[in-house]
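Just below is one structure, and these are the notes that go with it.
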């Protein structure tokens, strides 16, 4: 079962990544930028939790996005807050459009009912696994 889930995840990621190739970004980077767009600013720790990624991975993502001028990192005591830089604020609406096109393509290929049902099942399964830790 793990192999099938892993394979499906990689296939979906490849489909989404094609929509961000021209921006030289992959889907997790785009999702991080979208979170910031929606919230304005987030503690780095919360980004890690929301995206279910290791803090070291989020640090690496933020460093790369900072170098590209897409995000800014500001310290408030020991807490690091991440915000969109001006370049990121201008780019994110275009990335959101590309993200929506990727979602539409996925639904067209697999069917809306399959995508919705799979999303619900995966969210439920993920919550159950988190509870049993």
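A few comments on the model shown:
- Mean shadow area of the range 68-133, taken as a quarter of the surface of its Cα convex hull (nm²): 7.4 nm²
- With Cα atoms, 0 to 90° folded angle of helix 86-110 axis to the chain main axis: 0 degrees
- Radius of gyration over Kirkwood radius for the chain, both on Cα atoms: the Rg/Rh ratio is 0.99.
- Relative contact order (%) - criterion: Cα under 8 Å, at least six apart; region: the range 1-95: 25 percent
- 19 Å reach of a label modelled at residue 9, 7 Å along Cα-to-Cβ, counting backbone N of the range 33-62: 47-61
- The range 1-78 versus the range 90-133: alpha-carbon centroid distance in Å: 15 Å
- The angle between the Cα long axis of helix 55-67 and the longest principal axis of the Cα atoms of the chain comes to about 60 degrees, rounded to the nearest 10.
- Per-pair calculated FRET efficiency, R0 = 35 Å: residue 118 and residue 24 via Cβ, rounded to 0.05: 0.75
- Tilt relative to the chain, helix 27-39 - C-alpha long axis, 0 to 90 degrees, to 10: 60 degrees
- Computed on the Cα trace of the range 7-61, the radius of gyration divided by the Kirkwood hydrodynamic radius gives Rg/Rh = 0.99.
- Globularity index of the range 46-91 is 1.14 (Cα radius of gyration / 2.2 N^0.38 Å, N = number of residues).
- Using the rule -39500 (n - 2.57) for each DSSP H run of four or more residues, divided by the residues of the chain, the 222 nm mean residue ellipticity is -24000 deg cm²/dmol.
Quick note: the coordinates plus some simple rules give every number you see, no bench work behind them. This one's a predicted model, so the numbers in the text were calculated from it and none came from an experiment. For neighbour counting, all protein chains shown are included, and Cβ atoms are generated from backbone atoms with ideal geometry for every residue, glycine included.
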